[in-house]
Amino acid sequence: MSAAERLREHEKRDIRNRWLLSAPALLIILFAATGPLLIVLAYSFLTPGQYGDVEWKLSGEAWTSVFLERDIFDDTLSLADAHVTIFWRSVKLALMTTAATLILGFPTAYFIATRPENKRDLWLFLITIPFWTNLLIRTFAVLQIIRNEGIFNTVLIKLGIVDAPLQILFTDTAIMLGMVYVYLPLMVLPIYASMEKLDFRLLEAGYDLYATRFAVLRRIIFPLVKPGVIAGSILVFIPAIGSYVAPSVLGGGKNMMLANLIELQFGQGRNWPLGAALSIAVMVIVMIALLLYVRNAGTAETRHG
Amino acid sequence: MADRFSVRHQPGFTAIAATCFVLLYFPIVVLVVYAFNAATSTSAWGGLSLKWFVSAWNNDAVIEASIRSLQIGAVAAVLSTAVATMAALATTRTPPYPGLTFKYAAINQPLMVPEIVTGVALLIFFSRIKIFTGYTGLGYLIAAHTAFCIPFAYLPIRARLETMDLTLERAAADLYATPWKTFRRVTLPLLWPAILAGLMLAFVISLDDVVITEFVKSGGQDTLPTYMLGQIRRGITPEINAISTVFLLLSVAIVTLFFFMSRKRE
Amino acid sequence: MKRLLATLAFGLLATTGLAHADGELNIYNWGNYTSPDVIKKFEDKYNVKVTITDYDSNDTALAKVRQGGTGYDIAVPSQTFVPIWIQEGLVLETNPGQMENFKNVAPEWANPDFDPGRKYTVPWAWGTIGVVVNTAVYKGPSNSWGIIFNTPDELKGKVNVVPEMNDVMFAATKYVGGAQCTDDKEVLKKVRDTLVAAKPNWIAMEYNTIEKMGAGDFKATSDWNGSALRQRLANPEIQFFYPKEGYGLWSDNVVVLKEAKNVENAKLFQNFIMDPENAAGLSAFHRYANGITGSDKFMPEDMKTAPEVIIPADVKPLGELQHLCSPEVQDLYTKIWTELQK
């Protein structure tokens, strides 16, 4: 065998080994993560059973119900505004949460990145601890603070700012507060990762050229950490739009988001196909967001080589 | 020195960062404080007491749920880290080959899908299997947890592999070591801190999970988070604060351990 | 860390305890509904290890059991769901009507239309659904579903509605003057419109009424009578009212699942709770009446005279046992309920 052939043999064996090595991971994920998604797609085309589950009859009802609804009494078809409201609430809250975490998280990441090197680990440590605390516990902690008898209202009343407790719990605001609190570290960490690589001499150069602080922020810092910002935004937006715990605990069952609507279909709604269809719809939204991310991240990287 | 600092300074950023840190810890502090509340309410203060910790300790359901969480977490963490290590070795330090992007996407897929969707998918899928096989043990939960822990274990291991110096391994190969020996004696020890990091990350992620577990679990298979979700929905007492505090301490302990270990590595 | 080790040790001890038991019994019941004392009594008497798993709605329980493979032996559905469970073949015919303690079951509960002859079920508890109001906030007449469906100003934005579909549909139907389970489209249309119009005045649709009424997050709610009793005991200003348009009666019943692995123990349990003293023990915990004669003398004092438990004579005729409606009507209910969820 020539040297070239031997090299190719070696390469082929290498690739085969790599497939073998990655096989267990791929199999587990196929079985317990990806595979079932195909079943969800299948279920979305079936008919709901009388007390839940499905009947194996094909039907497009579920998909039409996602967007349109039939009036119960006069059978007119109209836009399913229950779903639209919930869909809009989810997107709106997810976007607002992303914005809020960005506003809070960007300066925080910057702060940590500008600490002396030996102290940075400590600051990172401090910001990761809440992240690794259970999501439910953190949402519950927010519940305790914003409820009528909670600390926030008690302090406001004691200070005389308000006479009666502010009703924060059971509103969209409460859900947003819960989500911001829970997802904040997810925004800080990627931005910090980008900022860590920031060459501060570029800032000096900017100031030497008489740029204002704001111009430096806008023209130098921000473009360079853009990949981190985008990564953070995606890491917040995806869980936020599919959020289940926050609306469940803080929304009072009245302000549903997509995840609660989906859950309802497997409970009192007794419409598994609709639940399946809605799940796929959520997936599609997330895929679109991800595509935007990949496109943006790609161009961002090529821009500064 | 003064110049250096003024270059980095952005107006208001330190203030916002400080607010951020305070806001992050405030609810947790309140939560822990109220775990010691003598009154039954979780918002009205009634003096100090340890009684909720005692009642949580005596609460069979809580202990059972905690043990189950730890069992599932331990198994899922070990399995997912082992599998992720292999996958990382397979997908790093190589020029692109057909199927690489697919593998990379597949491994990270659980991160891209909202938990509610995975939960629903597994509910449907596993219920079919339950009917066929009649098996109702912890296997489903362990499989589900392992699956979504894989990307988390994968991340630090992959990151470490990417930055690892190949020369040591090449040197071993030059010295006629077999690939397995090279792996065991050179790669593995170098990779070990990252593997441990992945293990701990996977463990915490598994302990943390609420949504997927809530949908996949069957009879009597509450984990600590799903038990707490049930309690929050039905009736909140400071016992939940007490349980949360203990859970918190566990997470903090693990994170601290992780940080100490990564510092030692440097 | 020490706690962790201690927990593990405890766990090991617990499992060794299991090794000595004659068997197991896995109960699937409403949350906060099973008396630990009575369970302990059962465990000791028959050397059985009992586990209890919670659910908070009939729908959840039905969905879980229908899926199969739950590992439960016993469940406690409400009377509106019992016919579904029987129809779907989910329950075992254990014939409690022929068990030893059956003679203690009160005559009005011995032969119900949801389980004639008591072939499958044993009464666990029965009660009523009404309105609970924090009278410190609203002092006007509260014995009406109008509190929920046409909320007075003082209570606007402070009312909770327990999201149990059949109960809400019953209440709304009664409020607009219809008969239970009517399929009159005009009435149902009014029901739908009333519900949709009322919802903006509600603050939440949650099960957690006891704690949230106590903490002041809610000022009024629809609720079960036993839950209301607990709330009044915590705060005397919170009172239960029987709506004059008609209130619902419900009965929760113990069934043995067809897939039960511990059938003998489950049957023992069904018999066990028909004993007056045990029934009273259960009542003392969940605060509802049981259907067992002779249990009165064992009941706790505060329940013997509570208006929530002993229905006052003047409102007695207004109560109706809730039935499962026809599939068409149930289907319409589901549609209305979905429309309500915005």
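The values are calculated or read from the model by the stated rules, or taken from the named source; none is laboratory data. Only a predicted model underlies this, so the values are computations on that prediction, with no experimental measurement involved. Cβ atoms come from the backbone with ideal geometry, glycine included; neighbour counts cover every protein chain shown. These accessible areas exclude ligands, DNA and RNA; they are computed on the full protein's heavy atoms, side chains included. Shrake-Rupley method; radii C 1.70, N 1.55, O 1.52, S 1.80 Å.
Looking only at the range C:118-145, how many residues end up being assigned to a loop (DSSP other than H, G, I, E, B), open to solvent by less than 40 Å² (accessible area, probe 1.4 Å) and touching a Gly at 6+ places or on another chain (Cβ under 7 Å)? Outline the logic, then answer.
Filtering the range C:118-145 for residues assigned to a loop (DSSP other than H, G, I, E, B) gives C:118-121, C:135-145.
With the extra rule that they be open to solvent by less than 40 Å² (accessible area, probe 1.4 Å), the set shrinks to C:118, C:121, C:135, C:138, C:140, C:142, C:144-145.
Subsequent filtering for residues that are touching a Gly at 6+ places or on another chain (Cβ under 7 Å) retains C:118.
Here the count works out to 1.
Could you please give the count of residues in the range B:65-77 that are open to solvent by 10 Å² or more (accessible area, probe 1.4 Å), within 30 Å of A:ASN17 (Cβ to Cβ) and away from chain A (no Cβ under 13 Å)?
The qualifying residues number 1.
Out of B:VAL62, B:VAL117, report the one residue that is under 27 Å from A:ALA277 (Cα atoms) and either more than 7 Å from chain A (Cβ to nearest Cβ) or of a type in the set (A, V, I, L, M) (or both). Please lay out each step first, then the result.
Numbers: B:VAL62 fails: under 27 Å from A:ALA277 (Cα atoms).
Going through B:VAL62, B:VAL117 in turn, the sole match is B:VAL117.
Pick out the one residue from A:ALA42, A:ALA100, A:ALA32 that is within 8 Å of another protein chain (Cβ to nearest Cβ), part of a helix (DSSP H, G or I) and either modelled with pLDDT under 85 or out of contact with any Asp or Glu (no Cβ under 9 Å at 6 or more places or on another chain) (or both). It would help to see each step written out before you state the result.
Working: A:ALA42 fails: within 8 Å of another protein chain (Cβ to nearest Cβ); A:ALA100 fails: within 8 Å of another protein chain (Cβ to nearest Cβ).
Unique residue meeting the criteria: A:ALA32.
Residue check: is C:ALA284 away from chain A (no Cβ under 14 Å) and part of a loop (DSSP other than H, G, I, E, B)?
Working: away from chain A (no Cβ under 14 Å): yes; part of a loop (DSSP other than H, G, I, E, B): no.
Answer is no for this residue.
Has the range A:208-227 got any residue that is facing another protein chain (nearest Cβ under 9 Å), in a loop (DSSP other than H, G, I, E, B) and under 26 Å from A:PRO190 (Cα atoms)?
Let us first name the residues in the range A:208-227 that are facing another protein chain (nearest Cβ under 9 Å), namely A:213-214, A:216-217, A:221.
Narrowing the set further to residues that are in a loop (DSSP other than H, G, I, E, B) leaves none.
The answer is no; no qualifying residue exists.
Here are B:TYR227, B:TYR176: which of them is of a type in the set (Phe, Trp, Tyr) and open to solvent by less than 40 Å² (accessible area, probe 1.4 Å)?
B:TYR227
With the structure loaded, tell me whether B:PHE260 is of a type in the set (Phe, Trp, Tyr) and either at pLDDT below 85 or over 30 Å from C:LEU25 (Cβ atoms) (or both) or whether it fails that test.
Working: of a type in the set (Phe, Trp, Tyr): yes; either at pLDDT below 85 or over 30 Å from C:LEU25 (Cβ atoms) (or both): yes.
Yes: the conditions hold for B:PHE260.
Can you tell me which of (1) of a type in the set (Val, Ile, Thr); (2) over 18 Å from the mean Cα position of the chain (by Cα); (3) in the same structural domain as C:THR173 (by TED's automatic domain parsing) is the one C:THR221 doesn't meet?
Tallying (1) of a type in the set (Val, Ile, Thr); (2) over 18 Å from the mean Cα position of the chain (by Cα); (3) in the same structural domain as C:THR173 (by TED's automatic domain parsing), C:THR221 fails exactly one: (2).
In this structure, is C:PHE272 in contact with a helix residue (DSSP H, G or I) (Cβ under 9 Å, 6 or more places away or on another chain), touching a residue at least 40 places away in the same chain (Cβ under 8 Å) and away from chain A (no Cβ under 12 Å)?
Numbers: in contact with a helix residue (DSSP H, G or I) (Cβ under 9 Å, 6 or more places away or on another chain): yes; touching a residue at least 40 places away in the same chain (Cβ under 8 Å): yes; away from chain A (no Cβ under 12 Å): yes.
So C:PHE272 passes the test.
Given the residues C:VAL132, C:VAL76, which is the only one that is modelled with pLDDT of 90 or more, in contact with a strand residue (DSSP E or B) (Cβ under 9 Å, 6 or more places away or on another chain) and not assigned by TED's automatic domain parsing to the domain that holds C:ALA289? Outline the logic, then answer.
Working: C:VAL76 fails: not assigned by TED's automatic domain parsing to the domain that holds C:ALA289.
On inspection, the qualifying residue turns out to be C:VAL132.
Spot the failing condition for A:ARG270; the list is (1) under 20 Å from C:ASN58 (Cβ atoms); (2) surrounded by 24 or more Cβ atoms within 10 Å (Cβ to Cβ); (3) at pLDDT 80 or above, and only one is missed.
Of everything listed in (1) under 20 Å from C:ASN58 (Cβ atoms); (2) surrounded by 24 or more Cβ atoms within 10 Å (Cβ to Cβ); (3) at pLDDT 80 or above, A:ARG270 misses just condition (3).
State the number of residues belonging to the range B:241-253 that are more than 7 Å from chain A (Cβ to nearest Cβ) and of a type in the set (A, V, I, L, M, F, W, C).
Residues flagged as more than 7 Å from chain A (Cβ to nearest Cβ) and of a type in the set (A, V, I, L, M, F, W, C) within the range B:241-253 amount to 6.
Inspect all residues belonging to the range C:61-75 and state whether any of them is over 19 Å from C:GLU264 (Cβ atoms), polar (S, T, N, Q), within 10 Å of chain B (Cβ to nearest Cβ) and open to solvent by less than 30 Å² (accessible area, probe 1.4 Å). Full working, then the answer.
Taking the range C:61-75 first, the residues over 19 Å from C:GLU264 (Cβ atoms) are C:61-69.
Narrowing further to those that are polar (S, T, N, Q): C:67.
Now restrict to residues that are within 10 Å of chain B (Cβ to nearest Cβ): C:67.
Then drop every residue that is not open to solvent by less than 30 Å² (accessible area, probe 1.4 Å), which leaves C:67.
Yes, the range C:61-75 has at least one match.
So B:ILE107 passes all but one of these: (1) closer than 24 Å to A:ALA231 by Cβ; (2) surrounded by fewer than 22 Cβ atoms within 10 Å (Cβ to Cβ); (3) within 12 Å of chain A (Cβ to nearest Cβ). Which condition number does it fail?
Failing condition for B:ILE107: (2).
When you check C:MET205 against the structure, is it hydrophobic (A, V, I, L, M, F, W, C) and within 17 Å of the chain's Cα centre (by Cα), yes or no? Explain how you work it out, then say what you get.
Values: hydrophobic (A, V, I, L, M, F, W, C): yes; within 17 Å of the chain's Cα centre (by Cα): yes.
Yes, satisfied.
Filtering the range C:297-341 down to residues that are within 14 Å of chain A (Cβ to nearest Cβ) and acidic (Asp, Glu), which residue is most open to solvent (accessible area, probe 1.4 Å)? Write out each step before concluding.
Of the residues in the range C:297-341, the ones within 14 Å of chain A (Cβ to nearest Cβ) are C:324-341.
Going one step further and asking which of them are acidic (Asp, Glu), we end up with C:328, C:331, C:339.
Values: C:GLU328: 123, C:ASP331: 77, C:GLU339: 39 Å².
Looking at residues that are within 14 Å of chain A (Cβ to nearest Cβ) and acidic (Asp, Glu), I get C:GLU328.
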